[in-house]
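Report on the structure given below.
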Amino acid sequence: MSKIEKDEISGVDTTGHEWDGIKELNHPLPRWWVMTFYATIVFAIGYTILYPAWPLLRGATPGVLGYSSRGDLDKSLEAAAASQKDLADKIAATPVAGIMKDEKLRAFATAAGAAAFKVNCVQCHGSGAAGAIGYPNLNDNDWLWGGSIDEIYATIGNGIRAPGNASTHASQMPNFGGDGILKPEQIADVANYVWTLSGGKPDDAAAATRGKQIYADNCAACHGDAGQGNKEFGAPNLADQIRLYSKNGSIKDIEAQVTRPRHGVMPAWGAKLGDTAVKELAVFVHSLGGGV
């Protein structure tokens with residue numbers, strides 16, 4: 001049985017506990033430590049009364065102050081929106097070309113457009129807007145439907161081949177192979193010729209020569225006599241080395257596109273985001289380095 005006694009060396013009472021001849025001394029905790037401990041208990045009780053704390057079946061105790069971090073965030077967002085309201089209203093009322101002429105409006109629209117781009121556009125065009133195979137690079141100056149601020153605004157707002165939008169860009173390249181407009185050997189010839197438009201060396205010089213006439217008869221109406229493209233139809237420039245559906249391009253890639261062309265689709269963001277957000281996106285995209 002434990003026995004409380006006074007330690008001969010220190011003069012301090014023991015607790016009565018002993019292990020292998022070692023006795024535990026009954027040293028009291030420092031008073032400052034005890035007072036601090038009691039203070040933390042009082043603070044914790046007060047905190048749970050004043051602020052949300054105890055979990056319940058459908059929420060938590062709200063606290064007598066009614067504070068919540070979510071409510072605090074909502075107030076901050078409301079204050080930010082209120083401080084920006086004048087600029088946002090001006091953007092809503094100003095044509096997109098006019099925004100470009102107002103330095104303050106343009107800077108605000110660029111910042112807002114960058115935020116909207118990260119939410120809505122990076123999934124296809126990438127975080128740096130460099131695009132990917134099948135998704136155009138927005139940093140260069142190659143624009144299928146035109147790169148002016150008004151043209152970019154129209155493209156974003158109405159989309160490309162967007163279902164349900166009467167103003168969307170909708171022209172399509174004929175299915176030359178699938179519909180039997182051209183024979184496989186003719187497609188091979190015209191592919192060799194198109195490859196030369198951007199400085200490539202054809203697999204067969206004779207095929208490229210034959211393909212020149214096939215191109216003139218079937219392709220020049222949209223892509224131009226020299227392959228320079230036509231933004232009215234969204235017909236790409238074939239004389240540069242920018243490829244949408246392949247990384248580096250090849251004659252086989254051209255054959256595949258002529259045989260069964262792929263047609264990209266972009267949503268009509270005007271209906272989804274509203275006109276103001278589309279203006280802001282257009283200003284941001286125009287700022288990336290492309291456009292005219």
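Values in this text are rule-based calculations from the coordinates and carry no lab data. As the structure is a prediction and not an experimental result, all values here were calculated from the model. Don't worry about glycine lacking a Cβ; one is built from the backbone with ideal geometry, like all the others, and counts go over all protein chains shown.
Once the Cα atoms are used to define both axes, helix 275-287 deviates from the longest principal axis of the chain by about 80 degrees. Taking packing as the residue-averaged number of other Cβ atoms within 10 angstrom, the listed peptides 32-38, 120-126, 194-200, 48-54 run from highest to lowest as 194-200, 120-126, 48-54, 32-38.
One entry in (1) 72, 30, 17; (2) 69, 17, 14; (3) 29, 21, 19 is semi-axes √(5λ) of the Cα gyration tensor in Å calculated from the shown coordinates; its label is (1).
Pairs from the table (Lys118/Lys247; Lys90/Lys118; Lys101/Lys247; Lys231/Lys272; Lys201/Lys231; Lys90/Lys272) lying more than 31 angstrom apart at Cα are Lys101/Lys247. Once the Cα atoms are used to define both axes, helix 149-158 deviates from the longest principal axis of the chain by about 80 degrees. For the chain, the longest principal axis of the Cα atoms and the long axis of helix 103-120 meet at an angle of about 80 degrees.
Protection proxy ranking, highest mean first, for peptides 4-15, 155-166, 84-95: 155-166, 84-95, 4-15, where packing is the per-residue count of other beta-carbon atoms within 10 Å, averaged.
A cut-off of 5 Å between modelled amide H atoms, ignoring neighbours fewer than 5 places along the same chain, links Leu238 with Gln228, Gly229. I'd like to know which of Pro174, Val122, Ala80 lies farthest towards the positive end of the charge dipole of segment 51-190, counting +1 on Cβ of Lys and Arg and -1 on Cβ of Asp and Glu. Comparing the listed Cα positions along the dipole, Ala80 ranks first.
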